[in-house]
Amino acid sequence: MVSRIIPVEPFDLVVFGGTGDLARSKILPALFRRSVAGQVPEGGRIIGVARQDMGVEAYHALIAQSLRELLPDLAQVPGALDRFLKQLDYVALDATQPEGWEQLASMLGQGVRAFYFSVGPGLFGALAERLRQHGLVSDDTRIVVEKPFGHDLASARALNATLAAQFHERQIYRIDHYLGKETVQNLMAVRFGNMLFEPLWNSQYVDHIQITVAEAVGVGGRADYYDRAGAMRDMMQNHLMQLLCLIAMEPPAKFDPDAVRDEKLKVIRALDAVKPHHIVRGQYAVPVGGVGQGYRDEVGDPRSITESYIALRAHISNWRWAGTPFYLRTGKRLVARSSVINVMFKDAPHSIFGEEAGRHANVLSIRLQPNEGITLKVTIKEPGPGGMRLVDVPLDMSFAKALGPENQSPPDAYERLIMDVIRGNQTLFMRGDEVEAAWAWTDPIIAGWQARGDVPKPYDCGSTGPGDAELLMRRDGRRWQGINP
Ligand code: NAD
């Protein structure tokens, strides 16, 4: 099954921060892949903008080097790199200064204009104002902003207000790259494209839901930023919250931006405040006698009390989910990189096979990464003549296997999202009120830690997280599913 390429209209995409890490590692490689796939039309133009005073040749050399490193096979496709670089330009300007904007304006055409703010949020206001002031904003203009969108409710509101002063909400694309992942979109396809699941998708049949986003890596080069954010702000408030919304929301009437985002917002607003004893914070450490670096070594602060792990139990107070807990966990330096949603169904109400057959419950596992796919654990008879013993077996579907070899490497989230910006489709982008609602839920949790002087529990690098996270489940008579690569 070959995916269809639907060409987009000619566009101008201006990447502010065009020499930065995100532009070189994600945005431009995504555009290059789309270009090789034939989706970038001839009239499409990409303009990198940054402070560095360099000519377009030097910029081409910089970007070509990144593309050769990150996408060596594609970079060798005859003519591909040249074709892409021909559509790539560069303008040196400082977003806080008045010079350089006329040159940028003179390069823009009449079609769709997208301005990607791949710079720190401190520059959003200056950029938005200058774009207006220098007449670069047309009717067909969009802006794209990156996470972190604020570090609490007040700062998110301030950022929203700054952008709203210059742009309509329909022009603002707030990226949460999780929403661009194929498998995350598949959550909606599985739920709303099949009759099988939706009738069971409620507290009557679902015992609880587990959402795990485990990383094997540590904070790496982002130590400074991460130590100020922690897992709650960096992962829970945005990525896990988005997954929770997609799993829990009511079916929107149609797959359109506001219909989907209205339903997600209702989920966030229905979340109860999390009780302090329903949260476990952790920080990775080197096991006694072990080698390597723990969190505090990596961030260079022996007294840091920032969490690199968080597990919590959330409740959605609405008709569908009353009484069904959602257990969410995420952390760094865990045993494996694995993002999975497990929908844990209730036991059958009565076992006709007697107590000795044991208790068995269905589990629907939606694997987001790696090895994207779905497994449904079903109960069958254990083969053999010795009576009626039951055993659980997986009905396993790997999307890559099912869809054929050309789908082995799904498009990167940024490819999908950037093309959606050009197409003017906001469905997979967060609306301002959604972001604010997520912070309104997160803020009291963080304030509680600060008020109590909470110190995260150490956990061993390469483990499944702190022991208290196991207790969080065991107290409820439940267990986490394994974290498997
Ligand atoms: P970076 O520091 O590597 O790059 C910053 C870019 O902004 C550079 O091109 C620099 O020239 C430009 N810049 C800085 N000040 C400027 C000014 N006054 N005028 C014009 N250009 C200016 O940062 P990054 O890692 O690329 O991150 C960019 C944004 O994306 C940040 O908001 C970051 O939080 C966010 N983000 C980054 C990543 C990532 O993987 N790097 C992931 C998620 C979100």
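The values are calculated or read from the model by the stated rules, or taken from the named source; none is laboratory data. If you're wondering where the values come from, they're calculated on a predicted model, not measured in any experiment. Here the Cβ positions follow ideal geometry from the backbone for every residue, glycine too, while neighbour counts run over all protein chains shown. The area values use the complete protein model at the heavy-atom level, side chains included, leaving out ligands, DNA and RNA. Shrake-Rupley method; radii C 1.70, N 1.55, O 1.52, S 1.80 Å.
A compact table of results
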item	result
Highest-first arrangement of 236-243, 116-123, where packing means the average Cβ count within 10 Å	236-243, 116-123
Cα centre as origin, Lys/Arg/Asp/Glu Cβ charges: the chain dipole, Debye	920
Between the range 112-185 and the range 220-289, the alpha-carbon center distance in angstrom	20
For peptides 250-261, 358-369, 209-220, sequence by mean Cβ density within 10 Å, most packed first	209-220, 358-369, 250-261
Residues of the range 186-228: accessible area per residue with a 1.4 Å probe, Å²	47
Span per principal axis, largest first, for the Cα atoms of the range 254-403 (Å)	62, 50, 40
When each of 181/332; 264/377; 332/457; 275/457; 26/86 is checked by Cα-Cα distance, pairs over 23 Å	264/377
Residues of the range 374-485: accessible area per residue with a 1.4 Å probe, Å²	50
Computed log₁₀ I(q)/I(0) - Debye formula, equal Cα scatterers, no solvent, the range 260-314, q 0.13, 0.19, 0.26 Å⁻¹	-0.55, -0.77, -1.01
Percent of Cα-Cα distances greater than 20 Å, calculated over the range 110-198	46
Accessible surface of the range 11-146 [probe 1.4 Å, protein heavy atoms]: carbon and sulfur percent	47
Counting DSSP beta bridges with both ends in the chain, the antiparallel % (nearest 5)	55
Distant-in-sequence amide H partners of residue 378 (H built 1.01 Å from N, under 5 Å)	393, 395
Per residue accessible area in Å² of the range 11-146, where ligands, DNA and RNA are left out and the probe is 1.4 Å	43
Computed FRET value (nearest 0.05) for residue 83 with residue 103, which takes r as the C-beta separation and R₀ as 22 Å	0.35
Under the Debye formula (equal points on every Cα, no solvent term), log10 I(q)/I(0) of the range 362-465 at q = 0.12, 0.17, 0.22 Å⁻¹	-0.89, -1.07, -1.11
Under-5 Å amide H pairs with residue 14, H placed in peptide plane, nonlocal only	47, 114, 115, 116
Translational D in µm²/s for the chain (Stokes-Einstein at 25 °C, 0.890 mPa s, Kirkwood Rh from C-alpha pairs)	101
Approximate spin-label separation residue 401-residue 303, in nm, with each point projected 7 Å along Cα-to-Cβ	5.4
Helix runs (DSSP H) in the chain reaching 20 Å along axis by Cα, Kyte-Doolittle at least -0.5	56-70, 432-452
Spacing of the two label points (7 Å from each Cα toward its C-beta) at residue 5 and residue 61, in nm	3.0
Percent of Cα pairs exceeding the 15 Å cut-off, where the set is the range 382-432	70
Separation of the residue 198 and residue 484 label points, Cα + 7 Å toward Cβ, nm	3.1
Cα centre as origin, Lys/Arg/Asp/Glu Cβ charges: the range 11-146 dipole, Debye	320
Carbon/sulfur fraction of accessible area - the range 196-287, other protein chains in place, 1.4 Å, %	55
Burial order of peptide ranges 319-329, 345-355, 36-46 (average beta-carbon count within 10 Å, highest first)	319-329, 36-46, 345-355
All Cα pairs of the range 11-146, percent lying beyond 19 Å	47
Inverse of mean 1/r across different Cα pairs in the range 315-418, Kirkwood, Å	17.2
Full-extension gain in nm, residue 409 to residue 389, via 0.36 nm per residue minus C-alpha separation	3.2 nm
Sites residue 70 and residue 37, calculated FRET efficiency, Cβ-Cβ separation with R0 22 Å, nearest 0.05	0.85
Within the chain, helix-based [θ] at 222 nm, where runs of 4 or more DSSP H residues each add -39,500 (n - 2.57), nearest 500	-9500 deg cm²/dmol
